[in-house]
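Only one structure is covered here, and it is reproduced in the block below.
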């Protein structure tokens, strides 16, 4: 990876809001669903889904599969951090 890609990645992380960064860090620990992040961070689900969508649009989080939620029995998307994001796929705020 080129230094310019690393610099672009670091600069976009510096621009994240507090909740965006909190949710981003959760996805970097392990792939999770929005509901799992909401439970883990004790945040309302609507706060998590909005920030997740923003992180996806920025190119920092991506689709990692689906799973069935144990309580609702509905399929949920699993999200994870992008491995080694390339500057070309990062979208600045």
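When every Cα-Cα distance of segment 3-81 is counted in 5 angstrom steps from zero, the calculated P(r) takes the values 3, 16, 27, 25, 15, 8, 4, 2, 1 percent. As a proxy for reagent exposure, 51, 21, 74 were ordered by neighbouring Cβ count within 10 angstrom, fewest first; the result is 74, 21, 51. Using C-alpha pairs below 8 Å separated by at least 6 residues, the relative contact order for segment 3-81 is 31 percent.
Fewest-first ordering of 40, 27 by other beta carbons within 10 Å of each residue's beta carbon gives 40, 27.
Since every read-out is calculated from the coordinates, none of them should be taken as a lab result. From a predicted model like this one, the values you see are computed outputs, not experimental measurements. Here the Cβ is made from the backbone with ideal geometry for all residues, glycine too, and neighbour counts use every protein chain on show.
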